[in-house]
Structure formats: C-alpha cells, structure tokens
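Contents: one structure, followed by commentary.
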Amino acid sequence: MALRVNYFIIALTLVQVAILVVYWFFAEHEGYGEQIKLDEARQKQADREEALREPTPAPQEYEYGQPDLPFMFDMNMYTYLGMCLTMTYLRKYAYTSLGMSFLMGCLAQEWCCLLLQWIPLAHCSYLKQNFADVGCPYGNNPALTQFENFQRQLSCECAPVEEGIQLKVSDFIQGQYGVVAVMVSYGAILGKVNPLQMLIIVVMNVTAYCGNKFLCVDYRGGVDNTGSLYTTHIFGAAFGLGCSVVVSGKRPSENPDNSPRYQSNNYAILGSLFMFVTYPSFNSYWAPAALRVYVATNTFASIMAGGMFAFIWANLLYPEGPSVMHLQDGVLAAGVAASTPACMFIPPVYMMVVGAGGTLVATLSFRYLQPKIDDQDTQGITSLHLLPGIWGAVVMEIVTIMGIDNNWVTLDNQHLMGEVMPHFGQQWSSSATQALILGFSICVGAIAGAITGLIAKVTGKIALGGSYSDHVFWIVPDDFTHIGEEDADIKVM
C-alpha cells in the first residue's frame, strides 16, 4: 500500500503546536504570578504557619469566576450541542458535520481566546502612550467629542500588553462567540470544502472576527454587548457567503445528497431545541451584571413569540404545508433578531414584536430568496442569521433615534444607559455609530470571506459526487451508499 501524505493532519499539527507554544510563553491564569520555590526548611515553616492560621470564610459567589460557570455550561451546550447538531440535517453528512464542527470549534476557541486579549492589550499600550498627559481618573471634557472622551477614559481603565495574557473563565466564554461566528460561516460552505480548506477558513475567520469586534466595539464603542448581533451573526453570515461564492463548485445544489432525510432532520431539530433553551444565556452574558436578568427576560419573550409566529407565518406562506426546517429556523431567527436589542430597555411586548418580525423575515427569505442562492448557501444562513440580524439592526436604529438621540420616547431604566452605550447623550452619535458597525461588519465579513475563499481554493476541491457525503472523509458502514462520479471516491482526509 502506497504511503499517502495527509496535508491536513500535517497542517493541523503545526497549527496546534504553534498555539501550544504561544500559550506556554504568554498565557497564565489570572491572579497567579511567578511562584517562588522555597527550600525544604522554609517550606516546612510556611506549612506550619499556614496550619495555625485562622480559617478564612468561604469565598463569595463573585470570587474565582463562579457566576460565569453556569454561562460556560450553557454556552458549551449552545455551541457544541446545539449548532453542531443543526448541521446534521444533510442525509449523508452527519459524521463530517459533527466531527468538523467539533474539531474546528476547538481550534477557533484556542485561537480566539488569544486574539481577543492580544488586540485590546496592544491597543491599550497605544492609548496609554498617546494620552500619557491625561490624568486618571478621567472626567469628560465637553470640548471633545464623545468618542474622544471614550478613548481617553479607556486609556485609564485598560491593561497594557506588558502585563501579558491573563486567562480566566470569562475569556473562554467570550471566545465562544468567535466559535459561533465560525459555525455560522460553516453553514454556507457545508459539504463543499475539504478539511484542509476548513482549517484555513477557521484561522482566517477567527482573525477577521477578532479584528472586526475590536474595531466595532472596543475602538468605536458600538453597542453589541448582548448576543453579538453585528460581530457574530451578521459578520459570520457575510464571511460565510463571501467565502462560499468563491469556493463553491458548479451547481452543488444539483447533488441529490444535498437534502435531508427524516432521521437526519430529527437530529437537527434536537440541536435547535438546545439552542432555543440556551438563547437567554447566550444573549445575556456580554451584558453588564445589572442587566443580565433584564436581557434574558427580553430574549425569552422574543423567542416565545418567535415560536408561535413561526407556525403562523410558515402555514400562511406554504399553503401545501411547511417543512420542519422552516419552523426551527424561524424560531431561532427570533433569538438572532433579539440579541442586541434585548439590552435597549424595550418593554417585553415590543420584544415579542421584534421576535415575530425576525421570524417573518426568515420565513419570507426561505420562501422566495433561498431557492435562488442554494448553490452559495447550503444551510440557509442568509435567512437564519444575515437578514434577521439586519432586522435587529434596524430595530436598534429605531430605538437609538427615537429613544436615545432625540428622546422622543421614554425607555425603561435610562439611568443604566451609560453602562450599555458609550455614546449615550450626544445627538445622532448613537444611531450613527450603530449604522457604522453594521456596514463595517458586512463589508469586513464579505471581503475577508472572499479573500479566504481564494486562498482555500488553491488547496483543491471536492468532486460533485463527493460533496455532501461522508465517504470521502471517513470509513463508513457497509450500508452507506453514494452517487458515483469520477474522483468522488478519493479520500481527502
């Protein structure tokens, strides 16, 4: 048997070793500095003193990241159970959908945790150098714009890069929003890329995600601190579509394996249910502590209404009867639409309208737009993430114009607005900033996705007969069948 060079495993090994080296030299647990090793006699004395010391009270709930642990469990369920299972709807692609989603999710998590700290730390060092003459604590200067005041205030509060990467539970949770962006993008290219291409796409996707998030939120001060509407859903969809347009072969939708079967749809429904029950945690984690319950309540109101209206809209638009995919994606679209608006002090009844609107947008898109773009969008991320996300961004514009920039309406809990929106109080600054980060997320996502697609395309492609089929990646059972085509049986992993 001839030796086969597996370029994917070689590349994966090199990437993992490089990440391990970075963690070895630059990352440590927060609160644990360099440990000084004592000689044996001094160590025994220190142990005796420790044994005689009065017992200290049990740690409070806020210590050691304990409040973040429930969010960590919910985020793992949302990402690695929910999103992975929703991709198993293709009838002969469950092994790859689950296996690659899990593997690439782990890689994205490792890489994202590093970049989400590196970039702000480097920016902080720049701010501290640039505003060295600014006294801290800093008070707003009315002669400056609110953005300039925001940058000066940030220079007093942030940590410079010299302090290194201090890892804690919250960093891994925040990194999972980057994993979700990767999963969203994967939905567009599902079944059309090989593992080596996916490795390239993940590394580029996470890099672009972290850069876009920094520019939109940390630098510009845009509001995306609940559910990451702009930087996860909209950016992830734009990146996936930009990449798919480049890497998709000719007429992939004509492959008969690009379709579900009864059993595979059941697993996808189960994944949707996992996402449904963990959506409040997903949307509320980024929120300030004082608003987490508020955001979770608004999210729950939105997805409840989305669940009801998914059945209503689907049956109105599909007189012959809807498919279960229309219903499950319609429900999830309500959570997408509600993600960032949930923090904007909107009463529950209006959040139910937001959820119903997101479901309507998704259902209309699946009915009229999706059949025209099936070649570029396997899972329908345009209908599930991009368009409902834009609907949520429109809601944000309405709220910021009417309730923040002009005070035409009175929002709930306005005394907490400063914790959510850095540009609160200056006319038109809030709505302009939100419009800016919407356009930026779409443009950065689409351009970065197209560039990534060009790079990934160089590594080869899957023949039409091997698309949407596990047999080119895995050893499959004897009862597995696939359509025949030249080169379709060549293993690519």
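The values are calculated or read from the model by the stated rules, or taken from the named source; none is laboratory data. All values reported here derive from a predicted model rather than from experimental measurement. Quick reminder, even Gly has a Cβ in these numbers, built from the backbone with ideal geometry, and neighbours come from all protein chains shown. Only protein heavy atoms, including side chains, enter the accessible area calculation; ligands, DNA and RNA are left aside. Shrake-Rupley method; radii C 1.70, N 1.55, O 1.52, S 1.80 Å.
Classify the stretch 171-257 as rounded, prolate or oblate, taking a ≥ b ≥ c as the square roots of the eigenvalues of its Cα gyration tensor: rounded when a/c is under 1.5, otherwise prolate if a/b is larger than b/c and oblate if not. Before the final figure, lay out the partial values.
Working: a/c = 2.48, a/b = 2.20, b/c = 1.13.
It is prolate, given that a/c is not under 1.5 and a/b is the larger ratio.
Taking 7 Å along the Cα-to-C-beta vector as the label spot, tell me the E397-Y126 distance in nanometres, rounded to one decimal.
2.8 nm
What is the dipole size for the stretch 192-275, taken about its Cα centre, with +1 at each Lys and Arg Cβ and -1 at each Asp and Glu Cβ, in debye to the nearest 20?
It works out to roughly 160 debye.
Let me check against my output: what whole-number percent is the relative contact order of the stretch 357-408, with C-alpha pairs under 8 Å and at least 6 apart?
40 percent
Using 0.36 nm per residue of separation minus the Cα-Cα distance, give me the extension gain between I455 and L270 in nm, one decimal.
Value of the extension gain: 63.1 nm.
Rounded to the nearest 10 Å², what accessible area does M396 have for a 1.4 Å probe in the complete protein model?
Counting only protein heavy atoms, M396 exposes about 0 Å² to solvent.
Would you mind computing, in nm to one decimal, how far apart the modelled labels at Q16 and R261 are, each placed 7 Å from Cα along Cα→Cβ?
3.1 nm
Over what distance in Å are the Cα centres of the stretch 69-93 and the stretch 185-213 separated?
One Cα centre to the other: 17 Å.
Multiplying the sequence separation of N140 and K168 by 0.36 nm and subtracting their Cα-Cα distance, what value in nm do you get? Could the numbers behind the result be given before it?
Numbers: separation 28, 0.36 × 28 = 10.08 nm, distance 3.13 nm.
Answer, rounded to one decimal: 6.9 nm.
Shape verdict for the stretch 192-310, please, from the Cα gyration tensor: rounded (a/c under 1.5), prolate (a/b greater than b/c) or oblate. Mind dumping the intermediate values first?
Details: a/c = 2.70, a/b = 1.25, b/c = 2.15.
Judged from the Cα gyration tensor, the stretch 192-310 comes out oblate (a/c at least 1.5, b/c at or above a/b).
Given a Förster radius of 30 Å and the C-beta distance between C443 and N6 as r, what FRET efficiency does 1/(1 + (r/R0)^6) yield to the nearest 0.05? Could you put the intermediate results ahead of the total?
Numbers: r = 36 Å, r/R0 = 1.21.
That gives a FRET efficiency of 0.25.
Got a number for the accessible area of V420? Probe 1.4 Å, square angstrom, nearest 10.
Its heavy atoms expose roughly 10 Å² to the probe.
Could you give the Stokes-Einstein D for the stretch 117-226 in µm² per second, using the C-alpha Kirkwood radius, 10 °C, 1.306 mPa s?
Reported coefficient: 98 µm²/s.
So for the stretch 164-255, averaging the separation of alpha carbon pairs under 8 Å that are six or more residues apart and normalising by length, what relative contact order in percent results?
45 percent
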